[in-house]
1. Could you grab me the full set of residues in the range 80-93 that are in contact with a strand residue (DSSP E or B) (Cβ under 6 Å, 6 or more places away or on another chain) and within 11 Å of the ligand (Cβ to nearest atom)?
2. Under the condition of being within 14 Å of the ligand (Cβ to nearest atom) and surrounded by fewer than 20 Cβ atoms within 10 Å (Cβ to Cβ), which residue from the range 42-55 is farthest from residue 86 (Cα to Cα)?
3. Looking at the range 136-167 only, could you name the residues that are at pLDDT 95 or above and within 11 Å of the ligand (Cβ to nearest atom)?
4. Given the conditions (1) away from the ligand (no atom under 15 Å from the Cβ); (2) crowded, with 22+ Cβ neighbours inside 10 Å; (3) touching a residue at least 40 places away in the same chain (Cβ under 8 Å), report the number of the one that residue 58 does not fulfil.
5. Assess whether residue 122 counts as being closer than 30 Å to residue 228 by Cβ and crowded, with 20+ Cβ neighbours inside 10 Å.
6. Could you check residue 370 against (1) buried (at least 16 other Cβ atoms within 10 Å of the Cβ); (2) more than 30 Å from residue 281 (Cα to Cα); (3) out of contact with any strand residue (DSSP E or B) (no Cβ under 8 Å at 6 or more places or on another chain) and say which number it fails?
Ligand code: COA
């Protein structure tokens, strides 16, 4: 069966996490992704957080599936020529170097356009144009600058960053959408274009609801579904809301049976208005279904702490999975707090290809997260990440270099 992006060639000049997540997705959709790495060293993540000596780290392998690797010294004059040949052959150049690095290498937008006017040049940067545009940025810097950290955590504690890599992987997703959109537009215009996904912008896009709340706060001075209501105080900016749902249906994380020993024996419980009567029945507070102090969403808002305490008395008598089973029978929205161990062992995630076991020549078998986006006509087969420079000769031959030329370039240190 063909793949959605069959025939699309990507010059993958990405490293670390944000860029590689983008090109990995494109590879999963069928693009030929040629990762250009520094001769002799490669993507820095190959050697970071290693769990086996001298073997590509999980950090690297889990972000670079289905790609080919070529090593080119793009600061070597002959290496530059090889890169030029690749630019002429590819549809998209994806990069996430520090600001200005590609220009310093001699590959400005104008130069790339000269070489290939159809080329799409897609970049992840920390910030868009403005006071911080020259700054280097990593995941947590983006979470802080994009509004996530100031709105995450508890009111009485410091800002908190999330385990979800919304700055890196989140921006990679944004960039991938920008690339396929530009490819689509190119089918009509015949021209390439620049695609920029700034990490601050990507994080802010994912924190959109908090900018909504900022404006609500400025208008009304209070947000009744936040835990600060009714007894706490609101300042000028959106406060940290703990585990509040942040939407129109109040929720909270509640203890389940075994919480004393198991740090993940918790459930997320949502007091969804349409099933309020069922919630009252399940927790044995039938009278709350008709009591005017509890019967309507508005009446419940100032009493949420008391309500969740009562629900928790019930959830503490069940394991998170028992509670799930009972609550789902009544269509009460809830979700277990799953540990990474539980997720890794989940048979249904294995079945859908969301968790995949991959074999690697030097590492052996390991688990990875497969393609979370499922296309019925373009299924994903996850294949292992390339070894450093594994495909240099193969790609050079495809570019028209002879064996002798390849050897000479190797001797010159260009590849
Ligand atoms: N051959 C020769 N030189 C190469 C090369 C190759 N194949 N590949 C990269 N280089 C050079 C670059 O030209 C650059 O040289 P220069 O500084 O002399 O111009 C150098 O390697 C380092 O690149 P840089 O991107 O600055 O790496 P860094 O390790 O200093 O910074 C980041 C890492 C992630 C902070 C930075 O790349 C960045 O801010 N990227 C944008 C935001 C981003 O994606 N952040 C998330 C990362 S998960």
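The values are calculated or read from the model by the stated rules, or taken from the named source; none is laboratory data. Computed from a predicted structure; not experimentally measured. Glycine gets a Cβ as well: all are built from the backbone with ideal geometry, and neighbour counts include every protein chain shown.
1. Scanning the range 80-93 gives no hits.
2. 49
3. Once the filter is applied, which keeps residues that are at pLDDT 95 or above and within 11 Å of the ligand (Cβ to nearest atom), the range 136-167 yields 137, 138, 139, 140, 141, 142, 165, 167.
4. Here residue 58 meets the rest and fails (2).
5. When the stated conditions are applied, residue 122 does not pass them.
6. Of everything listed in (1) buried (at least 16 other Cβ atoms within 10 Å of the Cβ); (2) more than 30 Å from residue 281 (Cα to Cα); (3) out of contact with any strand residue (DSSP E or B) (no Cβ under 8 Å at 6 or more places or on another chain), residue 370 misses just condition (3).
Condition check ((1) part of a strand (DSSP E or B); (2) surrounded by fewer than 12 Cβ atoms within 10 Å (Cβ to Cβ); (3) in contact with a strand residue (DSSP E or B) (Cβ under 7 Å, 6 or more places away or on another chain)) across all residues:
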| position | (1), (2), (3) |
| --- | --- |
| 349 | no, no, yes |
| 366 | yes, no, yes |
| 377 | no, yes, no |
| 390 | no, no, yes |
| 413 | no, no, no |
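Per-residue answers, yes or no, for (1) out of contact with any strand residue (DSSP E or B) (no Cβ under 6 Å at 6 or more places or on another chain); (2) modelled with pLDDT under 95; (3) closer than 29 Å to residue 166 by Cβ:
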site	(1), (2), (3)
18	no, no, yes
29	yes, no, yes
32	no, no, yes
45	yes, no, yes
72	no, no, no
